[in-house]
Amino acid sequence: MSFLLSLEEAVKQGNRNSAVSSVEDALSAKLPPQDILDALVKGMDDVGRRFKANAIFVPEVLIAARAMKESMAILEPVLVAAGIQPEYTAVIGTVTGDLHDIGKNLVGMMWRGANFKVIDLGTNVPPEKFAEAVVTHKPDIVGLSALLTTTMPNMKITVEAIRKTSDSRVKIVLGGAPVTQDYADEIGADGYASDAASAVDLVRKLIAS
Ligand code: B12
């Protein structure tokens, strides 16, 4: 099997040792860093598809994301030296009052796996901190997470705070168990996704539109 195929397979299986050694082999063989990155992203795409189809669950996704992360730690300096940067940036956080972060972290990992630069603001993030991050990082996407019906209204205030910045280009997407597409429409967000794999499809679609 070629280094790139074994790398893709290692990410799909969440085998971090094999993923890391495949990246090292591919680099030693002087394969283009972009091709190595593409193999990693293909592996994570497959993980996303199987997660969406309920063929695998959160633990498998976390294990695959760890294999991706460790591979990226080796590949990233080579990509930077070659002038290859993620094309798109996303900011993500859980809205104020809410400390749940498992789903938000999963979405962040899947976005990284899709080769987005992800700035994670953490949990309990006030609207003004999201707005500040939009001004500082000029992201293409902002993702808001909420797991409590009592913190969902904070998504609305956050959307309003972001819309007040001068950045009219940024797309705001929502997620979290109590959130719905109707709610996203109601508060003027650009999209909603019910799981981490759909969150990748959603942002790719929004960026392409
Ligand atoms: C784990 C958990 C906790 C942990 C959180 C640990 C952590 N680090 O996150 C702890 C113990 C701290 C906790 C605390 C509380 N919790 Co809690 N918690 C849960 C639990 C069991 C699981 C949530 C979870 O992680 N799910 C797994 C992840 C993978 O799923 P997910 O979060 O839905 O994320 C997916 C999607 O929603 C989507 N998504 C998520 N975010 C985003 C963002 C974007 C941009 C996009 C596109 C998609 C997206 O993609 C994710 C991956 O596929 C839920 C019950 C449940 N089954 O949901 C209750 C639950 C959410 N908690 C609840 C409550 C009430 C609380 C507390 C108020 C309890 C208390 N009295 O103290 C506190 C609140 C603390 C606070 N201020 O936030 C209630 C909420 C009820 C409601 N209607 O509001 C629930 C539903 C339990 C229940 N049935 O009563 N909780």
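At a Cα cut-off below 22 Å, give the lysines reachable from Lys129, other chains included and same-chain residues fewer than 8 away excluded.
Within the straight-line limit of under 22 Å, Lys129 reaches these lysines: Lys104, Lys117, Lys138, Lys156, Lys164, Lys171.
Report, by chain and number, residues whose modeled amide H sits under 5 Å from the one on Gly143, excluding near sequence neighbours (fewer than 5 apart, same chain).
Under 5 Å from the amide H of Gly143: Val91, Ile92, Gly93, Val173.
What shape does the range 88-208 take by its C-alpha gyration tensor, where a ≥ b ≥ c are the square roots of the eigenvalues and a/c under 1.5 counts as rounded, a/b above b/c as prolate, and the rest as oblate?
Rounded shape, in that the Cα axes give a/c under 1.5.
Which whole DSSP H helices in the chain pass both tests: a Cα extent of 20 Å or more along the axis and a mean Kyte-Doolittle value no lower than 0.0?
On the way: long enough: 33-52 (29 Å, -0.48); 58-81 (34 Å, 1.13).
Answer set is 58-81.
Starting at the first residue of the range 84-101, write each ³J(HN,Hα) from the Karplus equation 6.51 cos²θ - 1.76 cosθ + 1.60 with θ = phi - 60°, in whole Hz, x for Gly and Pro.
3J(HN,Hα) across the range 84-101, in whole Hz: 9, 10, x, 6, 10, 10, 10, 10, 9, x, 9, 5, 4, x, 10, 9, 6, 9.
If you consider only alpha-carbon coordinates, what radius of gyration and Dmax does the range 4-148 have, in Å?
16.0, 50
Over the chain, what is the mean sequence separation of C-alpha contacts under 8 Å (at least six apart), divided by residue count, expressed as relative contact order in percent?
Normalised by residue count, the contact order of the chain is 18 percent.
Every read-out reported here was derived from the displayed coordinates using simple, explicitly stated rules and does not represent laboratory data. Remember, it's a predicted structure, so these values are computed and weren't measured experimentally.
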